[in-house]
1. Sticking with the crude label model, points 7 Å out along Cα→Cβ, report the distance from GLN253 to ALA92 in nm, one decimal please.
2. Using Cβ contacts closer than 10 Å as the measure, can you line up MET266, MET1, MET279 from fewest to most?
3. With loop defined by DSSP as not H, G, I, E or B, and exposure as at most 13 other Cβ atoms within 10 Å, which is the longest segment of the chain clear of exposed chymotrypsin sites (Phe, Trp or Tyr not before Pro)?
4. Out of the DSSP beta bridges found with both residues in the chain, what percent are antiparallel (nearest 5)?
5. Regarding the stretch 8-307, what are the three Cα extents along the principal axes, ordered largest first, in Å?
6. Evaluate the Kirkwood expression for the hydrodynamic radius of the stretch 200-275, namely the inverse of the mean inverse distance over all pairs of different C-alpha atoms, and round to one decimal in Å.
7. Please state the shape class of the stretch 150-194: rounded when a/c is under 1.5, otherwise prolate if a/b exceeds b/c and oblate if not, all from the C-alpha gyration tensor.
8. Quick check for you: which residues of the stretch 153-186 have the amide N under 20 Å from the point 7 Å beyond the Cα of LEU3 toward its beta carbon?
Amino acid sequence: MPLSPIPLASLEKVGIGLGRPEDVVVGRDGRVWASDQASACAEIRADGTLRRVGKAGGAPNGINMDARGRIVIANFGLGTAPTGPLQRLDPATGTVDILCGAIDGKPLVASNYPIVDRAGNVWCSHSTSDRVASEAGLADGFVYRVRPDGGAAVMASGFTFANGLALDADESYLYVCQTMGRNVVRLPIRADGSLGPQEPYGPVLGEPAFRGATPAERARFGATDGCGFDAEGNLWVTLVLANKVVAITPKYQVVTLIHDPAGELMSWPTNVSWGGGDMRDLYVGTIRRDYVLRARSPVPGLPLVHQR
């Protein structure tokens, strides 16, 4: 299928009323869930209404789902929350448990995005321990892994604001968005589960941000946020400050798929997710709006562990 742009006019607001809707996950049963600062996650029903479930505190950020249908939440720890742990929501009961609150005795303060692999491990990015210094390029972001038995460890470090994660189809690499690096890097997953050295995946995706930019200037900003693979191996990446979604093809070409220069509809896009019977229902998190966006994707998404 051709990787063609998605017209802004085809984007539909869904889940109106959400609080800080960073991300969406679609279950095997077709139910659509969004991260929601007013609860933990909210189910977006077919009629457009919300069913809020749980109470996470802080800022539920990236979300994903395990093979049992439980929602894994990376909490970014905003507001009055002193920490930003990795949490898990049981959508049937609303119970929120902490999967990982600290590593080696050091509390997590800014967990950002989780993804689950075939073995049931949860990989999660931790953006920074110093939000102010990170804007100046402090490379203190890391990726940690929580095993099914609960053991947790830092697997890679030195990222300039570690953000969205993705696994390719055969789980040979872990892909990491570096927001301040304005790029995506990947790390090989070795046979023993450890990670090899990082390498850039595709080019730097734009220029550094600055205050007071016009829409035309913002369109060139390269700050990356979330990423996800489609079924044809294209890595979709949200450029949060540019109000743009692009794809890096397997040949490292960059294709613009959605762009809202003024940010009137798609303001600060943060993550992309797929669902539906044909995996072509595309959802885009819009962190500066109280809704997420839905459109038809030109290419099916790569099914995640919970969708297979």
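Any read-out appearing in this document is the output of simple, stated calculations on the displayed coordinates, not a laboratory observation. What you are looking at is a predicted structure, and each value in this text was computed from that prediction instead of being measured. Cβ coordinates were reconstructed from backbone atoms using ideal geometry, including for glycine residues, and neighbour counts include every protein chain displayed.
1. 4.7 nm
2. In increasing order of surrounding Cβ atoms, one gets MET1, MET279, MET266.
3. So the longest stretch without any such site is 1-209.
4. Looking only at bridges with both residues in the chain, the antiparallel portion is about 100 percent.
5. Answer, in whole Å and largest first: 47, 45, 39 Å.
6. Roughly 12.5 Å, rounded to one decimal.
7. Oblate, since a/c reaches 1.5 and b/c is not below a/b.
8. 164-179, 182-186
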